[in-house]
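A quick write-up on the structure given underneath.
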Amino acid sequence: MAKANSGMFYYWEDYYTEYDAIFGGKWYFRMSWYRVVGLALIGLMLFSMAYRLIRGLGPATNLNDHWPWGLWIAFDDLCGIALAAGGFFTVFVAHILNLKPYKYIARASLITAWFGYIVVSLGVLMDLGRWYNFWRPFVSWGYHSWLFVVLLCVVAYQGVMTFQFGHIFFERVNAPRLKEIFDKILPVIFVAGLVIALLHQSALGNLYIAMVDRQHPLWWSMLIGVFFFLSAVFVAPAMCVIEGILASKAYKTDFRHEVPLLEPLLKVSLCVMVVYLIVRLIDLAARGHFLAIFEGSVPSGLFLLEIFLGIIVPIILIARRKTRKSVPGMVTAAALIVGGVMLNRMNVVFTSMYQDMGGSYFPHAIEFSISIGLVTLCIMAYCFFVENFKVMPEEHEHHHEEHHAEEHGGQLELQPAHH
Amino acid sequence: MGYGFLFDLTKCIGCRACIAACRDYNSKYLVPSKKGINDLPLDSGLDRRLPKAQWDEQAPLTGSNWLRIHARMVNRDGQILWRFVRRSCFHCERPTCEAVCFAHAFRKTPEGPVIYNRSLCVGCRYCMMGCPFNIPKYQWNEVFPEVSKCRMCYERTKIGAPPACASACPTEAILFGDRDELLSEARRRIRQNPGVYVDHIYGEKEVGGTSLLYISDVDFKDLGMKTELTEKPVPEYTDRALNWTLGVAAVYGAAMAALYVATKRQEGEAKK
């Protein structure tokens, strides 16, 4: 660690002068018709949020006494956090396993994960009926609740992020003492981030342990937290692939350069998916609900779809070396994994609960517009970030020839571009 | 042990005096309709010509209806009978709503009632999701809604007086008293009237015991009540998961730290 830092210290000066030369010292946001539509969607979301805050949940949503949780919890919260798992996974690969080539991926996914968390927090705030009371749990501890764990994780993750920015902040602001402190605690921050991610992912699943008498036995399990965590782990490489292909399409770069980096990650995905599948089936059998898979009801059908399309087909695709190493094969497998995990979260919130909940629920237009707007906001923020900060791979490709480039990639999570 | 209710299905005549009394006493907690609290219909226009499955839909618990009496047509040994079932908060001995609330807005009082503190509530609605009986309801049309459910007239029960519904009941179908005494009273009724009652006290063991107990002469399943409930309190499940997850997280964190140190050291050796 110390070695890497001293290395960086020497090269720091020319690194950021070059940085200013590239970007000309100006904030930059290229406009296109897609982005106009995107901004319009964000505008619509702001209107919807205002409407929801002024009129309340009843007029703004179709949530009701039968369905207190709906689209926002299922899509923004459960799906959003699962798909943000790329952040902790790449930190693990790049910083804990210390695999240098992955450090630029770690930076990009860390940033998307961070945007994801902010956007999720915003979405959850909309869902809270008495949102001005959000701080109450810190004073009045409901520490038996898994939601308490979720809240602590969200807040602690923001704390971790602040520390990582502190580390960078004091590299530019001349305060060597403070910088030294921040450098020293960086490993602690990495480990803390990983523990928080484990707790948060599993806590979201464990919320449903309390629904022991309400949830369909195909999904209810004491191990649901383990399943949520494992699925977050195996969806992370898939998200890296999806983010990579989308970014290369948007910025006209060659995705094939990234294949050798992403392919080993997908192998990790494969192993975790095999473990996940086996544990899930054994758990079903141990609880005596294995045959419920074949009962032919809507839940059993969706369970089969989730397992077959989201787990088994990707396992086969990734297990074949030829498809794993080809861009279409890789992207197909990744898309199936992401779709499968999203279906799993939707099943946990809707499919597994409807038999007990009764009533009916279909999201209101306002609910849709807030969910869509939040995703758009996340994408736009990512674009803005990519265009104004160094995260894209090819900027690092040519640095790789230089012996000091890796240190930069590893140590700089976010560059404040301008004074 | 605290107070509770014993609801005897053989005695209820479905007059709904309890609902009227409940609304009257708790009116300060209820959100009135446009014409005032007493404009709320007692049975939401219950139409018994509709299929049975729809009756509950017609008279559900809501943010302003903490207590309902559901009419049920049941078939007992070929005999068609009307039965009236009380539906309100069960005031569990170990309530799920208390365990799942991350702001601890619900609490089980030593007197028996499970009560809600609106000033702590964040409005996440996890209590509504968690409740095995699907009891807590929401004031959906308020800008800052509250969760709403029966509070066993806490101002009365804490001085030992019976709640409004129990004092209004003309047939003593709902008895108020110490839960242990009510349990022995229920057992006595079942024992002394052979062939009348189903040999089961609903609420004695369901989700670890509830303060609202039922005895009935027809199967609880036919009354639309959940019969396949766990006998273990729900908080025990969530606490067990909490305990071992925190252990796993600690071990995982230690493993990550060790791995970090190991790979760094390896790197240092490689550079030498």
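Check the stretch A:250-261 and report whether any residue there is at pLDDT below 90, surrounded by 14 or more Cβ atoms within 10 Å (Cβ to Cβ) and touching a Gly at 6+ places or on another chain (Cβ under 8 Å). Lay out the reasoning, then the answer.
Let us first name the residues in the stretch A:250-261 that are at pLDDT below 90, namely A:250-261.
Keeping just the survivors that are surrounded by 14 or more Cβ atoms within 10 Å (Cβ to Cβ) gives A:250, A:253, A:255, A:258-259, A:261.
Filter again for touching a Gly at 6+ places or on another chain (Cβ under 8 Å), leaving A:255, A:258.
Scanning the stretch A:250-261, I find at least one residue that is at pLDDT below 90, surrounded by 14 or more Cβ atoms within 10 Å (Cβ to Cβ) and touching a Gly at 6+ places or on another chain (Cβ under 8 Å), so the answer is yes.
Could you list, in sequence order, the residues of the stretch A:94-125 that are within 11 Å of chain B (Cβ to nearest Cβ) and in a helix (DSSP H, G or I)? Quick ask: steps written out before the conclusion?
Let us first name the residues in the stretch A:94-125 that are within 11 Å of chain B (Cβ to nearest Cβ), namely A:94-100, A:124-125.
Within the stretch A:94-125, A:A94, A:H95, A:I96, A:K100, A:V124, A:L125 meet the criteria.
Show the residue pairs that are 6+ apart or on different chains and have beta-carbon atoms under 6 Å apart, the first residue being within the stretch B:258-272 and farther than 18 Å from A:K184 by Cβ, the second being of a type in the set (A, V, I, L, M) and part of a helix (DSSP H, G or I).
B:L259/A:I96
Residues of the stretch A:69-82 being among the hydrophobic types (A, V, I, L, M, F, W, C) and either modelled with pLDDT under 90 or in a loop (DSSP other than H, G, I, E, B) (or both), which ones?
If we filter the stretch A:69-82 for residues that are among the hydrophobic types (A, V, I, L, M, F, W, C), which is where we start, we get A:69, A:71-75, A:78-79, A:81-82.
Correct list: A:W69 only.
When you scan the stretch B:221-248, how many residues do you find that are touching a residue at least 24 places away in the same chain (Cβ under 8 Å), more than 11 Å from chain A (Cβ to nearest Cβ) and assigned to a helix (DSSP H, G or I)?
Number of matching residues: 2.
Could you list, in sequence order, the residues of the stretch B:64-79 that are part of a loop (DSSP other than H, G, I, E, B) and within 14 Å of chain A (Cβ to nearest Cβ)?
We begin by selecting, within the stretch B:64-79, every residue part of a loop (DSSP other than H, G, I, E, B); these are B:64, B:66-67, B:77-78.
B:S64, B:W66, listed by residue number.
Taking the condition in contact with a Leu (Cβ under 8 Å, 6 or more places away or on another chain), under 30 Å from B:N243 (Cα atoms) and part of a helix (DSSP H, G or I), does A:V233 pass?
When the stated conditions are applied, A:V233 does not pass them.
Are any residues in the stretch B:173-202 out of contact with any Cys (no Cβ under 9 Å at 6 or more places or on another chain), closer than 14 Å to B:S216 by Cα and not in a helix (DSSP H, G or I), and if so, which ones?
Listed by number, the residues that qualify are B:N193, B:P194, B:G195, B:V196, B:Y197, B:V198, B:D199, B:H200, B:I201, B:Y202.
Under the condition of being among the hydrophobic types (A, V, I, L, M, F, W, C) and surrounded by fewer than 16 Cβ atoms within 10 Å (Cβ to Cβ), which residue from the stretch B:199-247 is nearest to B:E181 (Cα to Cα)?
Within the stretch B:199-247, the first condition is being among the hydrophobic types (A, V, I, L, M, F, W, C), and the residues that meet it are B:201, B:207, B:212-213, B:215, B:218, B:220, B:223, B:225, B:229, B:234, B:241-242, B:244, B:246.
Keeping just the survivors that are surrounded by fewer than 16 Cβ atoms within 10 Å (Cβ to Cβ) gives B:244, B:246.
Values: B:W244: 38, B:L246: 41 Å.
Result: B:W244.
Would you tally the residues in the stretch B:106-158 being more than 7 Å from chain A (Cβ to nearest Cβ), assigned to a loop (DSSP other than H, G, I, E, B) and farther than 22 Å from A:R52 by Cβ?
At the first step, the residues of the stretch B:106-158 found to be more than 7 Å from chain A (Cβ to nearest Cβ) are B:106-119, B:127, B:131, B:133-136, B:139, B:146-158.
Checking the rest, the ones that are also assigned to a loop (DSSP other than H, G, I, E, B) come to B:109-113, B:117-119, B:131, B:133-136, B:139, B:146, B:149-153, B:158.
With the extra rule that they be farther than 22 Å from A:R52 by Cβ, the set shrinks to B:109-113, B:117, B:119, B:131, B:133-135, B:149-153, B:158.
Residues that pass the stated criteria total 17.
Just one of the numbered conditions (1) surrounded by fewer than 23 Cβ atoms within 10 Å (Cβ to Cβ); (2) more than 10 Å from every other protein chain (Cβ to nearest Cβ); (3) at pLDDT below 90; (4) in a helix (DSSP H, G or I) is not true of A:N174; which one?
In the conditions (1) surrounded by fewer than 23 Cβ atoms within 10 Å (Cβ to Cβ); (2) more than 10 Å from every other protein chain (Cβ to nearest Cβ); (3) at pLDDT below 90; (4) in a helix (DSSP H, G or I), A:N174 misses (4) alone.
In the stretch A:342-362, what count of residues is obtained for those that are more than 14 Å from chain B (Cβ to nearest Cβ), in a helix (DSSP H, G or I), of a type outside the set (D, E, K, R) and touching a residue at least 60 places away in the same chain (Cβ under 8 Å)?
5
Taking the stretch A:290-322 on its own, how many of its residues are under 30 Å from A:P264 (Cβ atoms) and crowded, with 17+ Cβ neighbours inside 10 Å?
Looking only at that region, the number is 8.
Go over the candidates A:A50, A:A84, A:A40 one by one and state the one that is of a type in the set (G, A, S) and within 17 Å of the chain's Cα centre (by Cα). Full working, then the answer.
On the way: A:A50 fails: within 17 Å of the chain's Cα centre (by Cα); A:A40 fails: within 17 Å of the chain's Cα centre (by Cα).
Every option except A:A84 fails the conditions.
Could you please give the count of residues in the stretch B:80-102 that are among the charged types (D, E, K, R) and more than 14 Å from chain A (Cβ to nearest Cβ)?
Within the stretch B:80-102, the first condition is being among the charged types (D, E, K, R), and the residues that meet it are B:83, B:86-87, B:93-94, B:98.
Next, from what is left, pick out any that are more than 14 Å from chain A (Cβ to nearest Cβ): B:83, B:86, B:93.
Counting residues in the stretch B:80-102 that are among the charged types (D, E, K, R) and more than 14 Å from chain A (Cβ to nearest Cβ) gives 3.
Yes or no: B:V218 more than 13 Å from every other protein chain (Cβ to nearest Cβ), of a type in the set (A, V, I, L, M) and either under 30 Å from A:A192 (Cα atoms) or in contact (Cβ under 8 Å) with a residue 60 or more places away in the chain (or both)? Can you show your working first?
Details: more than 13 Å from every other protein chain (Cβ to nearest Cβ): yes; of a type in the set (A, V, I, L, M): yes; either under 30 Å from A:A192 (Cα atoms) or in contact (Cβ under 8 Å) with a residue 60 or more places away in the chain (or both): yes.
Judged against the criteria, B:V218 is a match.
Among the residues of the stretch A:126-139 satisfying the criterion of being assigned to a loop (DSSP other than H, G, I, E, B) and in contact with a Cys (Cβ under 9 Å, 6 or more places away or on another chain), which is surrounded by the fewest Cβ atoms within 10 Å (Cβ to Cβ)? Give the derivation first.
Restricting attention to the stretch A:126-139, the residues satisfying the condition of being assigned to a loop (DSSP other than H, G, I, E, B) are A:128-130, A:134-135.
Those left that are additionally in contact with a Cys (Cβ under 9 Å, 6 or more places away or on another chain): A:128-130.
Working: A:L128: 16, A:G129: 24, A:R130: 22.
The selected residue is A:L128.
Looking at the structure I just gave you, is A:A192 within 14 Å of chain B (Cβ to nearest Cβ), surrounded by fewer than 22 Cβ atoms within 10 Å (Cβ to Cβ) and either closer than 23 Å to A:I118 by Cα or touching a Phe, Trp or Tyr at 6+ places or on another chain (Cβ under 8 Å) (or both)? Spell out how you get there, then give the answer.
Details: within 14 Å of chain B (Cβ to nearest Cβ): yes; surrounded by fewer than 22 Cβ atoms within 10 Å (Cβ to Cβ): yes; either closer than 23 Å to A:I118 by Cα or touching a Phe, Trp or Tyr at 6+ places or on another chain (Cβ under 8 Å) (or both): yes.
Yes; evaluated as a whole, the condition is true for this residue.
Based on what the data block shows, is A:I168 within 14 Å of chain B (Cβ to nearest Cβ) and at pLDDT below 85?
Numbers: within 14 Å of chain B (Cβ to nearest Cβ): no; at pLDDT below 85: yes.
No, not satisfied.
The values are calculated or read from the model by the stated rules, or taken from the named source; none is laboratory data. Model, not experiment: these values are computed from the prediction. Neighbour counts run over all protein chains shown; Cβ positions are idealised from the backbone, glycine included.
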